[in-house]
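Data first, discussion second: the structure below is written as structure tokens.
The values are calculated or read from the model by the stated rules, or taken from the named source; none is laboratory data. Computed from a predicted structure; not experimentally measured. Don't worry about glycine lacking a Cβ; one is built from the backbone with ideal geometry, like all the others, and counts go over all protein chains shown.
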């Protein structure tokens with residue numbers, strides 16, 4: 001294969017590793033190129049996707065209570081910032097911030113988001129950081145307080161060990177005073193599955209974009225019409241699983257290798273773990289935090305937790 005076709009060697013390495021396993025998988029961080037990030041923003045507006053509107057309602061109602069956990073002169077650091085839509089609910093209440101630091105893996109999307117925020121908040125320093133938040137984020141001791149913000153239930157995309165590692169990593173930030181985290185709560189299976197398999201097919205397009213991205217960036221030759229999106233509730237592990245199912249026996253060229261797919265075989269692309277207040281509090285305590293506040297909607301669909309260092 002012409003080496004010039006390989007635009008993303010890291011993606012190629014991850015694809016060869018994950019798709020060579022007996023149970024094929026891809027890390028969900030690869031969803032978020034520019035197209036994937038835009039599709040996810042569309043997902044958040046879908047009628048079936050309750051997390052965004054429910055969390056937004058919680059943040060709107062409790063914005064002043066949350067702002068009370070952010071010291072004057074603190075730096076607000078948001079992990080997986082995306083379009084930073086919900087962040088504005090906090091920024092509008094936080095006149096004394098020293099800076100807002102959005103952290104996202106999609107450089108182009110992050111640049112555009114930072115530009116728009118700078119227009120809306122001209123007096124606030126915006127310091128975007130292109131990084132994979134699943135890896136340790138090193139922040140220098142700048143002599144001021146920091147507060148982490150991680151909305152959108154993205155913590156649930158990590159396995160339990162990964163979630164604990166992230167919580168511990170934020171706990172180790174110099175000057176950290178609080179961590180505001182959105183978590184999706186355990187509920188009935190129908191509501192959960194519909195949120196990840198919408199009638200308009202946007203989530204399916206988001207999942208399948210991973211294959212398009214591998215075609216674009218590492219010269220793969222996936223025929224996306226021969227794969228289908230699947231969303232499954234795994235009650236034993238309290239998580240929604242997203243898969244891409246092969247609709248036929250087929251072979252796909254990925255870099256130097258041909259990868260075989262049997263009909264019905266899947267690529268496991270994402271987990272979305274769901275929590276109870278008790279299970280999340282236990283995980284936080286194991287990572288050096290105390291649950292200071294737990295805010296939820298009347299139907300207990302979603303929770304916003306405020307953690308403080310223990």
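Would you check if residue 55 is modelled with pLDDT of 95 or more, surrounded by 17 or more Cβ atoms within 10 Å (Cβ to Cβ) and in a strand (DSSP E or B)?
no
Consider residue 175 carefully, then state whether it is at positive phi and either outside the structural domain of residue 38 (by TED's automatic domain parsing) or surrounded by 20 or more Cβ atoms within 10 Å (Cβ to Cβ) (or both). Please lay out each step first, then the result.
Values: at positive phi: yes; either outside the structural domain of residue 38 (by TED's automatic domain parsing) or surrounded by 20 or more Cβ atoms within 10 Å (Cβ to Cβ) (or both): yes.
It is true that residue 175 is at positive phi and either outside the structural domain of residue 38 (by TED's automatic domain parsing) or surrounded by 20 or more Cβ atoms within 10 Å (Cβ to Cβ) (or both).
Every residue, every condition in (1) at pLDDT below 95; (2) surrounded by 14 or more Cβ atoms within 10 Å (Cβ to Cβ); (3) in the same structural domain as residue 18 (by TED's automatic domain parsing), yes or no:
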{"residue": "243", "(1), (2), (3)": "no, yes, yes"}
{"residue": "252", "(1), (2), (3)": "no, yes, yes"}
{"residue": "261", "(1), (2), (3)": "no, yes, yes"}
{"residue": "266", "(1), (2), (3)": "no, yes, yes"}
{"residue": "282", "(1), (2), (3)": "no, no, no"}
{"residue": "286", "(1), (2), (3)": "no, no, no"}
{"residue": "289", "(1), (2), (3)": "no, yes, no"}
{"residue": "304", "(1), (2), (3)": "no, yes, no"}
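Would you mind finding the one in 152, 148, 182 that is part of a loop (DSSP other than H, G, I, E, B), within 21 Å of residue 91 (Cα to Cα) and in contact (Cβ under 8 Å) with a residue 60 or more places away in the chain?
On the way: 148 fails: part of a loop (DSSP other than H, G, I, E, B); 182 fails: part of a loop (DSSP other than H, G, I, E, B).
Of the residues listed, the single one that is part of a loop (DSSP other than H, G, I, E, B), within 21 Å of residue 91 (Cα to Cα) and in contact (Cβ under 8 Å) with a residue 60 or more places away in the chain is 152.
So which residues in segment 204-214 are in contact with a strand residue (DSSP E or B) (Cβ under 9 Å, 6 or more places away or on another chain) and surrounded by fewer than 23 Cβ atoms within 10 Å (Cβ to Cβ)? Let's see the steps before the verdict.
Of the residues in segment 204-214, the ones in contact with a strand residue (DSSP E or B) (Cβ under 9 Å, 6 or more places away or on another chain) are 204-208, 210-211, 214.
204, 205, 208, 211 - these are the residues of segment 204-214 that are in contact with a strand residue (DSSP E or B) (Cβ under 9 Å, 6 or more places away or on another chain) and surrounded by fewer than 23 Cβ atoms within 10 Å (Cβ to Cβ).
Outside the structural domain of residue 195 (by TED's automatic domain parsing), on the phi < 0 side of the Ramachandran plot and either touching a strand residue (DSSP E or B) at 6+ places or on another chain (Cβ under 6 Å) or outside any helix (DSSP H, G or I) (or both) - does that describe any residue in segment 26-34?
Taking segment 26-34 and keeping what is outside the structural domain of residue 195 (by TED's automatic domain parsing), we get none.
No, every residue in segment 26-34 fails to be outside the structural domain of residue 195 (by TED's automatic domain parsing), on the phi < 0 side of the Ramachandran plot and either touching a strand residue (DSSP E or B) at 6+ places or on another chain (Cβ under 6 Å) or outside any helix (DSSP H, G or I) (or both).
Per-residue answers, yes or no, for (1) out of contact with any strand residue (DSSP E or B) (no Cβ under 8 Å at 6 or more places or on another chain); (2) within 30 Å of residue 199 (Cα to Cα):
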position	(1), (2)
10	yes, no
47	yes, yes
88	yes, yes
105	no, yes
108	yes, yes
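Tell me, which residue of segment 35-52 that is over 14 Å from the mean Cα position of the chain (by Cα) and assigned to a helix (DSSP H, G or I) is nearest to residue 157 (Cα to Cα)?
To start, the set of residues in segment 35-52 that are over 14 Å from the mean Cα position of the chain (by Cα) comprises 35, 42, 45-50.
The next check asks that each one be assigned to a helix (DSSP H, G or I); those that pass are 35, 42, 50.
Numbers: 35: 20, 42: 19, 50: 17 Å.
Among those that are over 14 Å from the mean Cα position of the chain (by Cα) and assigned to a helix (DSSP H, G or I), it is 50.
Does at least one position in segment 82-94 carry a residue that is out of contact with any helix residue (DSSP H, G or I) (no Cβ under 9 Å at 6 or more places or on another chain) and without any contact (Cβ under 8 Å) to a residue 60 or more places away in the chain? Before you say what the answer is, go through the steps one by one.
Start the filter on segment 82-94 by keeping residues that are out of contact with any helix residue (DSSP H, G or I) (no Cβ under 9 Å at 6 or more places or on another chain), which leaves none.
The answer is no, given that none of the residues of segment 82-94 is out of contact with any helix residue (DSSP H, G or I) (no Cβ under 9 Å at 6 or more places or on another chain) and without any contact (Cβ under 8 Å) to a residue 60 or more places away in the chain.
Of all residues in segment 130-167, how many are farther than 19 Å from residue 28 by Cα and either out of contact with any helix residue (DSSP H, G or I) (no Cβ under 6 Å at 6 or more places or on another chain) or modelled with pLDDT under 95 (or both)? Let's see the steps before the verdict.
Within segment 130-167, the first condition is being farther than 19 Å from residue 28 by Cα, and the residues that meet it are 138-149.
Checking which are either out of contact with any helix residue (DSSP H, G or I) (no Cβ under 6 Å at 6 or more places or on another chain) or modelled with pLDDT under 95 (or both) leaves us with 138-147, 149.
Qualifying residue count, segment 130-167: 11.
Considering only segment 235-282, state which residues are without any contact (Cβ under 8 Å) to a residue 12 or more places away in the chain and part of a strand (DSSP E or B).
Selection gives 251, 258, 260.
Here is a check on your reading of the model: is residue 112 at pLDDT below 95, assigned to a helix (DSSP H, G or I), surrounded by fewer than 18 Cβ atoms within 10 Å (Cβ to Cβ) and outside the structural domain of residue 180 (by TED's automatic domain parsing)?
Values: at pLDDT below 95: yes; assigned to a helix (DSSP H, G or I): yes; surrounded by fewer than 18 Cβ atoms within 10 Å (Cβ to Cβ): yes; outside the structural domain of residue 180 (by TED's automatic domain parsing): no.
No: the conditions fail for residue 112.
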